[in-house]
Structure formats: structure tokens, C-alpha cells
Amino acid sequence: LPEVPKARTVAPSDLGGAKILPGDPAGEDKDAALAKGRLVHLLLEHLPHAAVTDREALGRKLVSASADYTADAEQLVADVSALIAMPDLAPLFSPETLFEVSITAPLGTSRMHGAIDLLQIKDDHILAVDFKSNRLVPDKPEETPEGLLRQMGAYAAGLREIYPTHRIETAILWTQSATLMRLPDALISNALNRVSLP
């Protein structure tokens, strides 16, 4: 039998386009920015379901065991703990919320494989949220860097394949400003359409 070619695997975060706004300090020290981002993700994954009184101790334990640990990691623990406790963001961190959810789905003629930072699955709709620790935060969804819009478009497309009867919503949690920015579907779909997939 002829060999069937394997579909190329793509990551939603590798679809091209800028990830930060022009002038963001992260552009000058990418390694430090990436390390900080990984620590923020680690804390947001594990602290929400811990008791409020245990969060800072757990956070310090997590960052001290991480290869990304730096002297300012202790401040990150306090910042993330405060973010989780904000009343406006409390619905994001409810007990049924899922964190770091793997997703695999068709994307054009390729296959997407990635992980969604935060996922809430309701009876009729789904909310997918990505955590971003960018220092410069856009004022409105339309100013979101192209690479992030493409990433969220890929998540939405994958979730539609898996949950065809659900309404899919996406948002970015900008940890620097503690802002949840919901992204219009047309905005992320158009960004995904600008990706050239093999």
C-alpha cells in the first residue's frame, strides 16, 4: 500500500507575527521575558485552587524549585496572588476551571498541537484564555500583536472542531495590568486566515 503522508504538526504559538508591541522592554531581553512568563504561567496554573492562606508559601516553593528562579521571583508570587484575589477576575479562577489543557485538532491541512492556559467549559459555550505577561498592554483588542491573534484564532478553530455545538469565546489575561481582554471572533479568525499553512 502507498504510504500516507503524515500531516505536519504546528503549534498555535508558532504561526508567525509579532508577540509584543513595539517598544516593549521584553524585546531587549527576550530570555528574561520568557523566563518571567514561564514563572507567571506556573503560578497561575497552581495557585488558584490552593487555599488563600497557603498561596504565597506554595508560590515561593514553586518558583524556588524552578530553573527560571531569579531574585525578583518572590515579588512575582505576591503579584500573582493579588491578581487571583481580584474580585473582577474571580470568575476566571472558579473550582471548575481547567488549566494547561492540551489540545490537538486539524488546522487546514496540518494538525495543531498546543496547550490552552485556562479553559472553562459550560453547557453551551467555552471560554479559552491565554496568559500574557507583556510589559506593554494594548488598549483595545484590535491593537493586540498579530502573533497572539493568530494563536487565539488557532485555539478557537480547534475548539470548534471538538465542540461543534458550543459558542467559543477567547480572551487574553494581561497579567501586567490584571486585565481580561475578550477578543472578537472576526478579529482572531481573520488573523488565522493570514497564516500560510502547508
Practice problem: Residue by residue through segment 93-106, note down the ones that are open to solvent by 10 Å² or more (accessible area, probe 1.4 Å) and either over 15 Å from L43 (Cα atoms) or assigned to a helix (DSSP H, G or I) (or both). | Solution: F93, S94, P95, E96, V101, S102, T104, P106
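In the list T165, T179, T170, which residue meets the criterion of being more than 14 Å from the chain's Cα centre (by Cα), of a type in the set (S, T, Y) and at pLDDT 95 or above?
After ruling out the rest, the residue left standing is T165.
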Exercise. Answer yes or no: is there a residue in segment 27-47 that is farther than 22 Å from F93 by Cβ, without any contact (Cβ under 8 Å) to a residue 40 or more places away in the chain and assigned to a loop (DSSP other than H, G, I, E, B).
Key: yes
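Here's the yes/no breakdown for (1) among the small types (G, A, S); (2) over 29 Å from H113 (Cβ atoms); (3) open to solvent by 80 Å² or more (accessible area, probe 1.4 Å); (4) at pLDDT below 95:
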| site | (1), (2), (3), (4) |
| --- | --- |
| R8 | no, no, yes, yes |
| L21 | no, no, no, yes |
| P25 | no, yes, no, yes |
| V52 | no, yes, yes, yes |
| S66 | yes, no, no, yes |
| Y69 | no, no, yes, yes |
Exercise. Could you list, in sequence order, all residues of segment 157-173 that are open to solvent by less than 60 Å² (accessible area, probe 1.4 Å) and either over 20 Å from K19 (Cα atoms) or out of contact with any Leu (no Cβ under 8 Å at 6 or more places or on another chain) (or both)?
Key: G158, L159, H166, I168, E169
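The values are calculated or read from the model by the stated rules, or taken from the named source; none is laboratory data. What you are looking at is a predicted structure, and each value in this text was computed from that prediction instead of being measured. Positions of Cβ are backbone-derived with ideal geometry, glycine not excepted, and every protein chain shown enters the neighbour counts. For the accessible areas, the whole protein counts, side chains as well, though only heavy atoms, and no ligand, DNA or RNA atoms are used. Shrake-Rupley method; radii C 1.70, N 1.55, O 1.52, S 1.80 Å.
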